[in-house]
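The values are calculated or read from the model by the stated rules, or taken from the named source; none is laboratory data. Keep in mind that this is a model prediction, so the values were computed, not measured. Cβ sites come from the backbone with ideal geometry, for glycine too, and all protein chains shown count toward neighbours. For accessibility, only protein heavy atoms count, side chains too; no ligands or nucleic acids. Shrake-Rupley method; radii C 1.70, N 1.55, O 1.52, S 1.80 Å.
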Amino acid sequence: LSEREFKGNVRHLEMSRYIDLDIYHAVEKTHPYYVEMIDKINDLLSGLGAGSKPLSIWGFGAGTGLATSELTKFASLAIDALDLDAECCDILMREVGNEANVIQGDAVKHQKEGGYDLAISVFAHDHIPYELGPALARNIRRNLKSGGHYVMGGEILPRYCGEDERREALYRYHGFIVEKALRDEHFEVAQIEINALKSGLYSIGDFKRHAELFESEMSSAGLVLKERAKIGPEHRDDVGGVYVYVYQAP
Ligand SMILES: C[S@@+](CC[C@H](N)C(=O)[O-])C[C@H]1O[C@@H](n2cnc3c(N)ncnc32)[C@H](O)[C@@H]1O
């Protein structure tokens, strides 16, 4: 896969431009609420039939395969794991290449004939630039069979309006998460979150949304909200948080 070409002769890179992938892979599960989010996603997927009948699933922004490796534990799940970044795809091949079909491609453009029963992203939906949000939502719908579900595990900012408030919302969310990671003594993930804050402030690769913005992009594509669960923090409603959403294609 290391010689795989994408967009002409360019080995396309995204997350590997601004995050050390080996460190990310080693520590990301210590991100506050990550494990609880994965538990919730696993429960939801079981409820949608994963593990009890043959289903196809499209995981985009698969990164280094942390969430994809969870999917491989479900029996009879045909997994397409897609990422834009060639370096991530190399790691995906190493981590889940035997159990998943690794695809280097763009989540906004990927198309599977016949569609998937399920689509999923974990900490990846907000790596798609704001201006491509509606196109991503439309492409998720296009890739789902009628009645299929999209599960999104990700980070949601407190409500903001305009660029100054967006920056403030990023400081509030990441400030909270960095402090929690530090107090949990997960120093490496705190460092990754500082880099993610910088990447969001300078719009390098993090395009976190507030709930209304995310939900309006999804509903504009005709996807129907079935469930929204806040994973954490439980007792703060001013910093955003880690959420799991479930949408259904009509
Ligand atoms: C934070 S990582 C995802 C982490 C991973 N899902 C996990 O479970 O740990 C976000 C990923 O989205 C990928 N990405 C960014 N833009 C993309 C696009 N347009 N299409 C597909 N993947 C994209 C990045 O390369 C990166 O690997």
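Sparse packing (at most 14 other Cβ atoms within 10 Å of the Cβ) combined with a DSSP loop state is found for the following GluC sites (Glu not before Pro) in the range 143-203: Glu185. Full extension of the chain between Ile204 and Glu227 yields a length gain of 5.3 nm, computed as 0.36 nm times the residue separation minus the alpha carbon distance. Here the label points at Ala78 and Arg138, each 7 Å from Cα along the C-beta direction, are separated by 2.7 nm in the simple model.
For the pair the range 49-86 / the range 207-225, the C-alpha centres are spaced 23 Å from each other.
Label-to-label distance for Arg159 and Tyr130 is 1.7 nm, based on points extended 7 Å past Cα in the beta-carbon direction. Database remark: amide H of Ser56 closer than 5 angstrom to the amide H of Ala78, Asp117, Leu118 (H placed geometrically; neighbours at sequence offset of 5 or more, or on other chains; Pro and chain starts carry no H).
Remark: the range 47-63, residue by residue, has Karplus-estimated 3J(HN,Hα) of x, 8, x, 4, x, 10, 8, x, 9, 10, 9, 10, x, 10, x, 6, x Hz, where x stands for each Gly or Pro and the curve is 6.51 cos²θ - 1.76 cosθ + 1.60 at θ = phi - 60°.
Counted over the chain, the DSSP beta bridges are approximately 40% antiparallel. Relative contact order of the chain, taken over Cα pairs closer than 8 Å and 6 or more residues apart, is 21 percent.
In the chain, helical runs assigned H by DSSP with n ≥ 4 each contribute -39500 (n - 2.57); averaged across all residues and rounded to the nearest 500, the mean residue ellipticity at 222 nm is -12000 deg cm²/dmol. Amide hydrogen proximity for Glu227: with H placed 1.01 Å from N in the peptide plane, the residues at 5 or more positions away or on another chain lying under 5 Å are Val246. For the range 130-250, the per residue solvent-accessible surface stands at 47 Å², with DNA, RNA and ligands left out and a 1.4 Å probe. The slack in the chain from Asp237 to Ser52, taken as 0.36 nm per residue of separation less the alpha-carbon distance, amounts to 62.9 nm.
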